Amino acid sequence: MITTLAVHGFRSLRDVVLPLAPLSVVTGANGSGKSNLYRAFQLLADTASGRLIGSLAAAGGLSSVLWAGPEAISAAMRRGEVPIQGTGSRKAPISLQLGFTADEFGFLIDVGLPVPAHTMFARDPVIKRELIWAGPVLRPAATLLERTARGVRVAAAGGRTDLALSLPPWASVLDELVDPIHRPELTAVRDLVRGWRFYDSFRVDASAPARQPQVGTRTEVLAGDGHDLAPAVATILESAWDEPFRRSVADAFDGCQVAVVDHGGRFDVELRQIGLVRALTTRELSDGTLRYLLLAAALFSPRPPGLMVLNEPETSLHPDVLPALARLMVAAAQRSQLVVVTHSAPLVEALVAAGALHHELVKPFGETEVADQGLLTRPTWHWGSR
């Protein structure tokens, strides 16, 4: 389980350390930083798949995603005694840092500006540091792997040893250094992060792929955009999660029954409602009904991930369906760690009543903060230095 997420220098997240539980809920007003937090999770996942630099480029480059405020907001600035402004000189290098701790390991990555060089790619950000450590807090004695500009150093019997390899500055050790025999901790972190799943872009418009028949092949993981809904549902219906999935759909829609039909090798989902003489296909379902089916297919995956992050799952759902959605999430959190980013007060209330950890994000000075988080409630986190 991921116990802490830490973000430094990413858009409005100047310095956020967020404790996580098996089921965590993140709320906040528009512009408070919820989407930035969601994106920070995705960037960490991109690190393990070699997509971090490309993802930053797609977001406009490092300069577009860095914290745009002063290096630090002083007490006088917060009291309104002086304007919020920079000091003219920096104490620390410009950097975007992301990290997390899990039950056994911790990981952080530090991305910064490149050394000026004669290349067409002089604006590409580079990886300055990566660290993997044992336990909840980064400590020199607990460090298992440290990657810096000087190379990669790993823990070994009797001390530390330098590995005889040179990594390109845009490649993460999680993607490049694969050695499950001699570096099992690195493989464990990589596999953990690569297994994370994100759902926030389900298409439910009239031409959405989920409304069309799809090639019928076993699908244990629903795609992020839900284009393979029908084979994913068919896979669930032939798994141990058949009955829980059917009960979840019936719970949300007054006893509706769900099925998958085969049209010459192409699958389609059908929903049979009480009072109708024929089943409705996905082309006939409302946006909210289709979205709920997509969420249920994601949450009842026969191959549950270590972590699943849902962004505004309540979109287009009727308030009457939210209690069923909350029950669905609570059940899913028994199999996968779940982080839900939402605007829905009824959904939050139901999840918190079921034991979810609730974080509200606020942005009083342009900087995202966790409401009511103080020195005693903020998890211990050390970034170290370059």
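Per residue, the average separation of C-alpha pairs within less than 8 Å and at least 6 apart gives the range 229-269 a relative contact order of 41 percent.
Note down the net charge around ARG14, summing +1 for each Lys or Arg and -1 for each Asp or Glu among other residues with Cβ under 12 Å from its Cβ. Cβ neighbours under 12 Å give a net charge of -2. From the alpha carbon centroid of the range 146-221 to that of the range 310-338 is 27 Å. The modelled label-to-label distance for the pair ALA188/SER63, using points 7 Å beyond Cα in the direction of Cβ, is 4.2 nm.
Volume of the convex hull of the range 319-386 (Cα atoms only), normalised per residue: 151 Å³. Per-peptide packing, taken as the mean over residues of other Cβ atoms within 10 Å, places 331-339, 50-58, 227-235 in the sequence 227-235, 331-339, 50-58 from highest down. Residues in the chain average 47 Å² of solvent-accessible surface per residue, probe 1.4 Å, ligands and nucleic acids excluded. Relative to the 2.2 N^0.38 Å rule of thumb, the chain has a C-alpha radius of gyration ratio of 1.08.
Put TRP381, TRP133 in order of accessible area, highest first, and with a 1.4 Å probe you get TRP381, TRP133.
To put it simply, the accessible area of the chain at a 1.4 Å probe is 54 percent carbon and sulfur. The simple spin-label model puts a point 7 Å past each Cα toward its Cβ; for LEU376 and ARG283 those points are separated by 6.3 nm. Explain nothing, just the number: relative contact order of the chain, from Cα pairs under 8 Å at least 6 residues apart, as a whole percent. After rounding, I find 21 percent.
The values are calculated or read from the model by the stated rules, or taken from the named source; none is laboratory data. Because the structure is a prediction, the values reported are computed rather than measured. We place every Cβ from the backbone using ideal geometry, glycine too, and count neighbours over all the protein chains shown. The area values use the complete protein model at the heavy-atom level, side chains included, leaving out ligands, DNA and RNA. Shrake-Rupley method; radii C 1.70, N 1.55, O 1.52, S 1.80 Å.
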